[in-house]
Amino acid sequence: MRPVDLSQIHTIPLQTRQNKVLLERFARPPQVGRTFVDFLASLPGILAGDDFRNVVAAIVRAHQNGRPVIIGMGAHVIKCGLSPVLIDLMQRRIVTALALNGAGAIHDFEVALIGETSEDVATGLRDGTFGMVRETGQLMNQAINHIHAQQPDVGMGTLLADALLECHAPNLDYSLLVAGRRLGVPVTVHVAIGSDIIHMHPSADGAAIGQATFNDFRLLAAAVSELSGGVYLNIGSAVLLPEVFLKAFTVAQNLGAHLHDFVTVNMDMTVHYRPSENVVRRPPIVGGQGYTLVGRHEIMLPLLAQAIVDSIGA
């Protein structure tokens, strides 16, 4: 076998090649006193810089066209202090529905009650006190247990919001649950029994928990059935909410929604398999576009919100 003769290679002119990186898409250097709009425009039009602006444009377009913007989010988003940002988007009628996991509802509930949340898990594991705070388990479970006798068709989000309102929690303005109740924005709570601290308490009732979160699943499915022309964002939930979203999406399609022209977005600190498949890749095959934005919640979500509000001019 003889080596190939590279002198026989055929080349093409550089100017005729299709290129993915163009000078016009390069970033612009920083300037003192630059406005946020100018800063956003200064980002490179390459990879995540382009994706970020596309997500902003999709949310702005959905809002202007009266289409839904639904957020499904994990508890860490609340622990990063971002509830005021989300409540503002709800008040501006940009976010039209919000889905929490069980831990998210717990942190939201505790912030409303005492203005603090998030215990030291390792310390509590040593003596078995992790998750055993009396008021959190008692008040939340009592609210959920109301479903048996008083409100059989109500979802967990509404039950918990009403409990906070009834006890006049001192920090109601920081509660996503209460904001949804006040604004008429659905806030649903989706749990796996045994995954949350309040399930360990003597007041926990599996039947009530199951019925309340099942009611909220049906409510989320109704919101997802309107997703055409809208946006769904999964923020900081690696497993549970991506699974719930995929099932809600399937229910919507089964009932004749014919979803199309929607955008799905996964925002997290790292890339996980489940949201990549169930949010970004699989649903858009039906008729949409998926994006992944990687970064710290406490930076990425405020940036996204500011970009949206500036674009809308609201």
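The values are calculated or read from the model by the stated rules, or taken from the named source; none is laboratory data. Bear in mind that the values here come from a model prediction, so they are computed numbers and not experimental data. Neighbour counts run over all protein chains shown; Cβ positions are idealised from the backbone, glycine included.
The figures follow:
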quantity	calculated
Any hit, segment 117-125, residues being within 22 Å of the chain's Cα centre (by Cα) and not aromatic (Phe, Trp, Tyr)	yes
Evaluation of residue 208 against (1) closer than 30 Å to residue 276 by Cβ; (2) small (Gly, Ala, Ser); (3) in a helix (DSSP H, G or I); (4) out of contact with any strand residue (DSSP E or B) (no Cβ under 9 Å at 6 or more places or on another chain) (one fails), failing number	(1)
Qualifying residue in segment 219-226 (condition: of a type in the set (D, E, K, R), farther than 23 Å from residue 87 by Cα and touching a helix residue (DSSP H, G or I) at 6+ places or on another chain (Cβ under 9 Å))	no
Among (1) over 22 Å from residue 155 (Cβ atoms); (2) charged (D, E, K, R); (3) modelled with pLDDT of 95 or more - the single one residue 93 does not satisfy	(1)
Tally, over segment 288-305, of residues that are in contact with a Lys or Arg (Cβ under 7 Å, 6 or more places away or on another chain) and among the aromatic types (Phe, Trp, Tyr)	0
Count of segment 270-291 residues which are surrounded by fewer than 19 Cβ atoms within 10 Å (Cβ to Cβ) and either among the charged types (D, E, K, R) or within 13 Å of the chain's Cα centre (by Cα) (or both)	4
Residue count, segment 62-109 (criterion: under 15 Å from residue 179 (Cα atoms), of a type outside the set (A, V, I, L, M, F, W, C), more than 14 Å from the chain's Cα centre (by Cα) and not in a loop (DSSP other than H, G, I, E, B))	5
Yes/no for residue 152 being more than 23 Å from the chain's Cα centre (by Cα), at pLDDT 95 or above, surrounded by fewer than 16 Cβ atoms within 10 Å (Cβ to Cβ) and part of a loop (DSSP other than H, G, I, E, B)	no
Some residue of segment 178-188 being part of a helix (DSSP H, G or I), charged (D, E, K, R) and either free of Cβ contacts under 8 Å to residues at least 24 places away in the same chain or under 23 Å from residue 66 (Cα atoms) (or both)	yes
Residue satisfying all of: in segment 211-260; part of a loop (DSSP other than H, G, I, E, B) and hydrophobic (A, V, I, L, M, F, W, C); surrounded by the most Cβ atoms within 10 Å (Cβ to Cβ) among these	227
